[in-house]
Amino acid sequence: QVHLVESGGGLVQAGGPLSLSCKVIGSTFSNTAMGWYRQAPGKQRDFVATITSRGSTNYADSVKGRFTIFRDNAKNTMYLQMDNLKPEDTAIYYCNRPFDRWYWGQGTQVTVSS
């Protein structure tokens with residue numbers, strides 16, 4: 001069974017940075033696209049960013065220029081570097097494959113104070 005373990009969330013003031021990690025356990029990682037998603041209370045889970053197996057990236061308009069998605073295939077880990085955080089970025093952040101999704105993990109809470 002594949003496990004997705006998100007970490008790195010926390011409380012940060014608006015304008016500050018935060019880095020998230022996604023560890024994939026129990027499956028190969030290097031040959032699949034991956035993505036970050038987020039869900040605020042009472043809202044749908046939204047697309048944040050994706051990265052292909054070759055490193056090509058795509059971002060939601062709301063985070064473009066502020067967030068950067070990376071992957072380290074040797075470590076089976078994907079990262080999201082978040083800069084200039086805004087209160088509207090507050091959500092639980094999840095990782096998963098854009099296609100043929102694994103079961104969702106628990107996510108990691110990001111809270112941005114104004």
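A few notes on this one:
- Once the mean of 1/r is taken over each pair of separate Cα atoms and inverted, the chain shows a Kirkwood hydrodynamic radius of 14.0 Å.
- Label point distance in nm, S114-F47, each placed 7 Å from Cα along Cα→Cβ: 2.9 nm
- Label-reachable residues, the stretch 71-99, where backbone N falls under 18 Å from a point 7 Å from Q106's Cα toward its Cβ: 91-96
- DSSP beta bridge pairing in the chain, given as percent antiparallel to the nearest 5: 90 percent
- Based on protein heavy atoms only, the chain ends up with 54 Å² per residue of surface accessible to a 1.4 Å probe.
- Computed label-point distance, nm, for sites A40 and L11 using a 7 Å Cα→Cβ extension: 2.0 nm
- Test item: Cα-centred dipole of the chain, Lys/Arg +1 and Asp/Glu -1 on Cβ, debye: 180 debye
The values are calculated or read from the model by the stated rules, or taken from the named source; none is laboratory data. Source: prediction; values computed, not measured. Positions of Cβ are generated from backbone atoms using ideal geometry, with glycine treated the same way; all protein chains shown enter the neighbour counts. Accessible surface areas use protein heavy atoms only, side chains included; no ligands, DNA or RNA. Shrake-Rupley method; radii C 1.70, N 1.55, O 1.52, S 1.80 Å.
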